[in-house]
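Structure record follows, encoded as structure tokens.
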Amino acid sequence: MRDRTVLVLELIQNPKAVGSILQELAEYGWECEKHLAEVTKVDILAALKQFDQGILSAAEVEAWAAGLEGRMDVCFEFGAEGVVEEAIFCLANPSIFKPITEGTHQRIASLFERRKARRD
């Protein structure tokens with residue numbers, strides 16, 4: 001069994017392999033006493049760039065975001081109420097928000113920029 005931290009980092013960085021990584025992580029159970037890795041704006045934009053390039057499908061982006069959403073072993077840049085967690089929630093729930101399409105990358109990038117402007 002691979003190390004949990006290695007698996008969590010791979011989950012964040014490799015959306016294409018989300019299914020197999022989540023199967024391996026399931027062996028560790030749901031609970032975790034500390035965050036092992038952080039999801040950042042860069043991670044989200046990288047996944048969306050892969051979608052734009054046709055490397056990932058909308059379903060794969062959704063599965064990746066759903067796999068990260070609510071995990072106790074990951075934290076999100078800017079904390080639990082921040083824009084990164086909000087973006088993950090939107091991507092994981094396209095039926096509630098907007099479907100993942102060609103415009104999603106720009107919409108998420110704009111969300112990040114608006115929040116940055118508010119913080120500055």
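Summary of values
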read-out: Region 59-72, residues that are modelled with pLDDT of 95 or more and not hydrophobic (A, V, I, L, M, F, W, C); value: GLU60, GLU62, GLY67
read-out: Qualifying residue in region 24-41 (condition: charged (D, E, K, R), buried (at least 16 other Cβ atoms within 10 Å of the Cβ), over 11 Å from the mean Cα position of the chain (by Cα) and modelled with pLDDT of 95 or more); value: yes
read-out: Sole exception among (1) within 15 Å of the chain's Cα centre (by Cα); (2) surrounded by fewer than 12 Cβ atoms within 10 Å (Cβ to Cβ) for GLN50, by number; value: (2)
read-out: Among the candidates LEU91, LEU48, LEU56, residue that is modelled with pLDDT of 95 or more, in contact with a helix residue (DSSP H, G or I) (Cβ under 6 Å, 6 or more places away or on another chain), closer than 20 Å to GLU10 by Cβ and in a loop (DSSP other than H, G, I, E, B); value: LEU56
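The values are calculated or read from the model by the stated rules, or taken from the named source; none is laboratory data. Only a predicted model underlies this, so the values are computations on that prediction, with no experimental measurement involved. Heads up, the Cβs are rebuilt from the backbone with ideal geometry, glycines too, and the neighbour counts pull from every protein chain shown.
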